[in-house]
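Just below is one structure, and these are the notes that go with it.
Every read-out reported here was derived from the displayed coordinates using simple, explicitly stated rules and does not represent laboratory data. Because the structure is a prediction, the values reported are computed rather than measured. Glycine gets a Cβ as well: all are built from the backbone with ideal geometry, and neighbour counts include every protein chain shown.
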Amino acid sequence: MQIQFLFWEGCPSHEPALERLRTVMKEEGVTAEIEIIEITTREQAQEWRFPGSPTILIDGLDIDPPPPDAFFTLTCRAYTRKDGRISPLPSPELIRRALCAAREAAWLP
Amino acid sequence: MANLNIGDPVIPLSLPGVDGKDYSLESYQAKPIIAVIFSCNHCPYVRAWEGRMIDIQAAYAEKGVQFLVISSNDASQYPADSFPMMKERAEQLGFNFPYLYDESQEIARAYGAQRTPEVFLFDSDRRLRYHGAIDDNYEDPEAVSAHHLIDALDALLAGQSPAVAATPPVGCTIKWKPN
């Protein structure tokens, strides 16, 4: 399993988000290394299809796929929680679902 | 870092609102307390807190508290923060405070605002009495343990100084225009 954590230094959410990712990975017994990638320019944001900080990719897939008209730039990212509220952090449930889906996909023939 | 220290006088402002009117502090001379809050449309921290901004304004309006919420972001780089989008957001959410456009970013620079949201709370003498975050938990209103803005409002309305006069503002950076 490949896990990539993309962040922009200008948004303060990356440290708590990385901690949350590590916690959920530990709870799920996922021992993959996290590749931490800092996005520093708008060109990089475009290249990585980075809708904002933080963005977590598992096996190349965004854990919360952005809409087709998403804007890629240096900004904080808004995640919609299950209760409809907005948060700068992905929820533990979102991370967990993505990790489990990736694990299941790896088991499929 | 903010350009105002606790106790400093308010910096005057005159800005257009999304309702087509112009707003200045002179309009609110009768209000005992004014909160100048730097905000915007796109920031997830604002979006996490803006329900609480609306609720607090609603709860404290009759006590003479007036919020003035200002967006200063560069809309050419962040189109979600454009004036038409501000108007749309205010209508969608039923903002109960003026939502003002600091297009030149002059007011944000004068205040030394750095984050959205960032609160500057002034008393009836228009002296800064609280600066910083709305509370200590952007993600979960039910898990707030320190209601910074509410506590400051309650203290001022009781004729006292806020126990906590300043907290680090938490949120997105203000999106400055390139020089």
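Hand me the trypsin sites (Lys or Arg not before Pro) from the stretch B:1-77 located in a DSSP loop with no more than 15 other Cβ atoms within 10 Å, in residue order please.
Hits after loop and neighbour filter: B:LYS21.
Report, largest value first, the span of the C-alpha coordinates of the stretch B:30-173 along each principal axis, in whole Å.
43, 33, 27
Using the Karplus curve 6.51 cos²θ - 1.76 cosθ + 1.60 with θ = phi - 60°, what ³J(HN,Hα) values do you get for each residue of the stretch B:146-151, in whole Hz, with x for Gly and Pro?
Coupling constants for the stretch B:146-151: 10, 8, 3, 5, 4, 4 Hz.
Does a label point 7 Å from the Cα of A:ALA106, set along Cα-to-beta-carbon, have any residues of the stretch A:48-68 with amide nitrogen under 13 Å, and which are they?
Inside the label zone: A:58-60.
Taking 8 Å as the Cα distance limit and 6 or more residues as the minimum spacing, I'd like the relative contact order of chain A as a percentage.
33
By how many nm would the segment from B:ASP22 to B:ALA58 grow when fully extended, if each residue of separation counts as 0.36 nm and the alpha-carbon distance is taken off?
10.8 nm
Kirkwood hydrodynamic radius, the protein assembly as shown, all distinct C-alpha pairs: what's the number in Å?
Kirkwood radius, the protein assembly as shown: 20.1 Å.
What nm distance separates the two modelled labels at B:VAL164 and A:ARG97, each placed 7 Å from Cα along Cα→Cβ?
3.3
Wrap a convex hull around the Cα atoms of chain A, take a quarter of its surface area, and give that in square nanometres.
The Cα convex hull of chain A, projected and averaged over all directions, gives 7.1 nm².
How large is the dipole of the protein assembly as shown about the Cα centre if only Lys and Arg carry +1 and Asp and Glu carry -1, each at its Cβ, rounded to the nearest 20 debye?
Dipole size: approximately 200 debye.
Which one, A:ALA70, B:ILE134, A:SER13, projects farthest toward the positive side of the charge dipole computed for the protein assembly as shown from Cβ point charges (K/R +1, D/E -1)?
Result: B:ILE134.
For the stretch A:47-64, what does the Karplus curve 6.51 cos²θ - 1.76 cosθ + 1.60, with θ = phi - 60°, yield as ³J(HN,Hα) per residue in whole Hz, taken in order and with x for Gly and Pro?
4, 8, 6, 9, x, x, 9, x, 10, 10, 10, 10, 6, x, 9, 5, 5, 9
Could you work out [θ]222 nm for chain A from helices alone, using -39500 (n - 2.57) per DSSP H run of at least four and dividing by all its residues? Round to the nearest 500 deg cm²/dmol.
The helix contribution divided over chain A gives -10500 deg cm²/dmol.
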